[in-house]
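To keep things clear, I will list the structure first and then write my remarks on it.
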Amino acid sequence: MAEQKNPDPQKQRMREHIATLQTMRDNLRQRDRDHQAAFDRLTDSLAAERPLSAKGKPSFDGISLVIAYYNIPQQIERTLESCSPAYQGCAADEIEVILVDNGSTQPLPDDLMERFPHVRQILRIEDKPSPVFALNAGIQAARHEMVAVMIDGAHMLSPGVVKHVRDLQPMFPNPVINVPQYILGMVSQNLHTSPDVFAEETANLTRMDWPEDGYALFDYAVYPGENFARSYVGAIESNCLITTRKVLDEFGGFDERYDEPGGGFANLELFSRLIHAPQNTYITLAGEGSFHQNHDGTTTQRSPEERDQLVAGYKVRHRAVTGSDRVFNSRSPVLYGKARHLSQQVPTISQEFKDASSRILRQLANIYVARARAGMTDNYKPVLSVGGSPDERLARTPLPPLGLLPEAAARNKVEKQELSYLRCLKQVHKAVRPKLYFEIGVDTGASLALAECPAVGVDPAFVITNQQTTPCRLFREKSDDFFANTDRCKNVLGQGIDLAFLDGMHLAEFILRDFIKTERWMAKGGVILIDDVLPDQMEMLERDRRFNAWCGDVYKIVPILRRYRPDLEVSVFETFIGAYRKGLLVVSGIDPSNNTLETQYDQIAAEIADGTFDVGSITELETVINPRPIKDLTAAAGRRG
Ligand SMILES: C[S@@+](CC[C@H](N)C(=O)[O-])C[C@H]1O[C@@H](n2cnc3c(N)ncnc32)[C@H](O)[C@@H]1O
């Protein structure tokens, strides 16, 4: 009550400011709509002069829409609504829908044909993972001269599609019409975070007065890709491809060799085959669209890696069918209809990425100029590139650090910085004084740069940003592949490695193989270091990486070496990277002629897999690992046989 009588003036000002901004935003939106309306009036008046019909062409008798259904019981209702004669503004007998159900596990509702009388047939095909068989059957069943194929039934249409087809059919002998595709929503669909995207879409569509205002879809859609340069002019597929029965009879329907789940590149191939045939006229309906509704739960969405793998598989099949794994569109379309500038929205991530990258470039340029002006003439050069770093760790969820460093420093009776892993590595370099240094897992070259002798590094994805001061040979390979080339190993490692640092793939069987193969090339009395054997949290030792800080189950190498190679001196030290403990293993007493681990590899790998070396807690891990005080590091590393 007191607050109402004496409102906080600052809050009040803030509210007023927000209200002003909202009004400005609404005015801008209205201005946008007014512009579109003016543009529409203009194009309407231009379009009123109808072009001549192609000679002898039959007039429009209707359209058959062949729509694939697969586990989209909610989305199909909106799709059917958008294909209805009322929505498309035509007579009831001018539209028939043939739904093809490709062995869906969520069947179509029984009453669908009563509720949507334009659905004339439902065909169900079993035991075929690819929709192409069902779609071809649907095309065969179509009774109108104009046929639309929609391989993904989750696409809703804008309301002028059929009207435009009616206009176009008499104009061209062989029209192939693309309805450009968009993504419903304001962000790229695989970035949706809402637990119920369908409900969110429904709420937004209702608010926008859909289906009464069918073109409102353009206010709630983005381009399907992240590519700024891509527009519907260069489309490589369509989710509503319309042509005549005559064209389909002549050029065929979907190629049934695309029999993989989802149909692979079948839709792209059909699009390419039809638009590139010189006798066909490729037309794009600039002012219409098919709008893809989200139908994947957030948990079932694919990661970029999975998507790449899937597409790679599609390309193999595509190459087998067409002789090329490329998909392209080298034909310019005849654009028909209104251009809708409101449709020119690309997913927000692109915009944010572009903004962020320009900001970083600007900042780097400013730093560079400021340093030059201040006469700072050392070799420092900011890297004016934001695209080069593959450091996907930036995208990992940060794991809150436990803050063990002060405790560990006190336990080891040293200053905190003395537990930094790079500092400890440097200490080992000083103790061993190697003539040849070898590293697996180079990354940015931070640890490699510690070498004061010739060095050899192996990493399939290094990006060197740390200056290297000694001659080094880098191999962009996985360590298994590197070692497979024995002749080359002999050439680069033949003199014998004095110091090796193994920091590649953080999984126990990988580090075991790296150890076995590195030991073979070690010099007498050499030392092998292994990173990541003493993480401070259970999340860090999971095999599947989830967080920025990750050691995997590399720690298992410690009990493995102690059990199978009691001849080796195996010591672990508490080292840190930033606030996280990760631990460093020092192995001396190396014996390149000992092949125990190699001969027992299968048994040890089976033990890794069956959980023999698993730990249930960090306390248990510490007992297994039994770290030594850091003051012993030089002595542990300095033992040269
Ligand atoms: C933690 S980083 C290495 C950091 C580096 N040693 C340092 O301290 O500055 C791990 C590196 O291992 C590399 N890697 C992953 N799998 C590998 C493999 N099978 N063989 C070699 N390197 C691998 C990754 O590309 C990554 O750059």
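Please identify the pairs in which a residue from region 456-470 that is under 14 Å from G504 (Cα atoms) has its Cβ atom under 7 Å from the Cβ atom of a residue that is near the ligand (Cβ under 8 Å from one of its atoms) and assigned to a strand (DSSP E or B), counting only partners at least 6 apart or on another chain.
Here the result reads G457/E439; V458/I440, each pair linking region 456-470 to a residue that is near the ligand (Cβ under 8 Å from one of its atoms) and assigned to a strand (DSSP E or B).
Quick check on my filter: what residues within region 532-552 are within 15 Å of the ligand (Cβ to nearest atom), surrounded by 23 or more Cβ atoms within 10 Å (Cβ to Cβ) and of a type in the set (D, E, K, R)?
D532
In region 146-165, how many residues are crowded, with 20+ Cβ neighbours inside 10 Å and not in a loop (DSSP other than H, G, I, E, B)?
12
Exactly one of (1) modelled with pLDDT of 90 or more; (2) within 23 Å of the chain's Cα centre (by Cα) is unmet by Y215. Its number?
Y215 satisfies every listed condition except (2).
Quick check on region 177-191: of everything there that is over 20 Å from M208 (Cα atoms) and assigned to a loop (DSSP other than H, G, I, E, B), which residue is modelled with the lowest pLDDT?
To start, the set of residues in region 177-191 that are over 20 Å from M208 (Cα atoms) comprises 177-180, 190-191.
When the remaining residues are screened for being assigned to a loop (DSSP other than H, G, I, E, B), the result is 179-180.
Values: V179: 97, P180: 94.
Result: P180.
I'm trying to understand the selection: among the residues of region 436-471, which are acidic (D, E) and buried (at least 21 other Cβ atoms within 10 Å of the Cβ)?
E439, D443, D459
Being aromatic (F, W, Y) and more than 12 Å from the ligand (Cβ to nearest atom) is the filter; apply it to region 499-531 and report the residue that is farthest from D602 (Cα to Cα). Steps first, answer last, please.
So the first thing to find is which residues in region 499-531 are aromatic (F, W, Y), and the list is 501, 510, 515, 521.
Filter once more, keeping what is more than 12 Å from the ligand (Cβ to nearest atom): 515, 521.
Details: F515: 15, W521: 22 Å.
Looking at the filtered set, the residue picked out is W521.
Counting just the residues of region 454-491 that are of a type in the set (G, A, S) and more than 10 Å from the ligand (Cβ to nearest atom), which one comes out farthest from H429 (Cα to Cα)?
If we filter region 454-491 for residues that are of a type in the set (G, A, S), which is where we start, we get 455, 457, 461, 479, 484.
Checking the rest, the ones that are also more than 10 Å from the ligand (Cβ to nearest atom) come to 455, 484.
On the way: A455: 12, A484: 28 Å.
That would be A484.
Where the second residue is in a loop (DSSP other than H, G, I, E, B) and the first is β-branched (V, I, T) and lies in region 576-605, which pairs have Cβ atoms under 7 Å and are six or more apart or on separate chains?
These pairs meet every condition: V587/L568; T596/R565.
Could you list, ordered by first residue, the pairs with Cβ atoms under 6 Å in which the first is in region 522-536 and without any contact (Cβ under 8 Å) to a residue 60 or more places away in the chain and the second is part of a loop (DSSP other than H, G, I, E, B) and of a type in the set (A, V, I, L, M, F, W, C), at least 6 apart or interchain?
Sorted first by the residue in region 522-536, then by its partner, the pairs are D532/C551.
Condition (residue is within 21 Å of K478 (Cα to Cα), under 34 Å from the mean Cα position of the chain (by Cα) and in contact (Cβ under 8 Å) with a residue 12 or more places away in the chain) applied to region 539-547: is it met by at least one residue?
Yes, region 539-547 contains a residue that is within 21 Å of K478 (Cα to Cα), under 34 Å from the mean Cα position of the chain (by Cα) and in contact (Cβ under 8 Å) with a residue 12 or more places away in the chain.
Which helices (runs of 4 or more DSSP H) does region 464-542 wholly contain that include 3 or more residues that are modelled with pLDDT of 95 or more and basic (K, R)?
Counting at least 3 such residues, we get 508-520.
Specify which of the listed residues (R433, R411) is of a type in the set (K, R) and within 16 Å of V572 (Cα to Cα).
Being of a type in the set (K, R) and within 16 Å of V572 (Cα to Cα) holds for just one of R433, R411, which is R411.
From the list N412, N366, which one is over 22 Å from F515 (Cβ atoms), away from the ligand (no atom under 12 Å from the Cβ) and modelled with pLDDT of 90 or more?
From the options N412, N366, the qualifying one is N412.
Do you know which of the residues in region 231-258 that are among the aliphatic types (A, V, I, L, M) and part of a helix (DSSP H, G or I) is surrounded by the fewest Cβ atoms within 10 Å (Cβ to Cβ)?
Filtering region 231-258 for residues that are among the aliphatic types (A, V, I, L, M) and part of a helix (DSSP H, G or I), the one surrounded by the fewest Cβ atoms within 10 Å (Cβ to Cβ) comes out as V233.
Surrounded by 18 or more Cβ atoms within 10 Å (Cβ to Cβ), in contact (Cβ under 8 Å) with a residue 60 or more places away in the chain and of a type in the set (V, I, T), is that true of I511?
no
Sort out which residues of region 243-268 are on the phi < 0 side of the Ramachandran plot and touching a Phe, Trp or Tyr at 6+ places or on another chain (Cβ under 7 Å), and write them in order of number.
E256, Y258, F265, A266
Considering only region 428-449, how many residues are within 9 Å of the ligand (Cβ to nearest atom) and within 18 Å of L584 (Cβ to Cβ)?
Residues that pass the stated criteria total 9.
Kindly indicate whether L502 is crowded, with 16+ Cβ neighbours inside 10 Å and either in contact with a helix residue (DSSP H, G or I) (Cβ under 7 Å, 6 or more places away or on another chain) or of a type in the set (V, I, T) (or both).
yes
When the residues of region 314-347 are narrowed to those that are assigned to a helix (DSSP H, G or I) and at pLDDT below 90, which ends up surrounded by the most Cβ atoms within 10 Å (Cβ to Cβ)?
Filtering first and then ranking leaves S343.
Before we move on, is T486 more than 21 Å from R628 (Cα to Cα), β-branched (V, I, T) and touching a residue at least 24 places away in the same chain (Cβ under 8 Å)?
no
The values are calculated or read from the model by the stated rules, or taken from the named source; none is laboratory data. Remember, it's a predicted structure, so these values are computed and weren't measured experimentally. Glycine also receives a Cβ, built like all others from the backbone with ideal geometry; neighbour counts cover every protein chain displayed.
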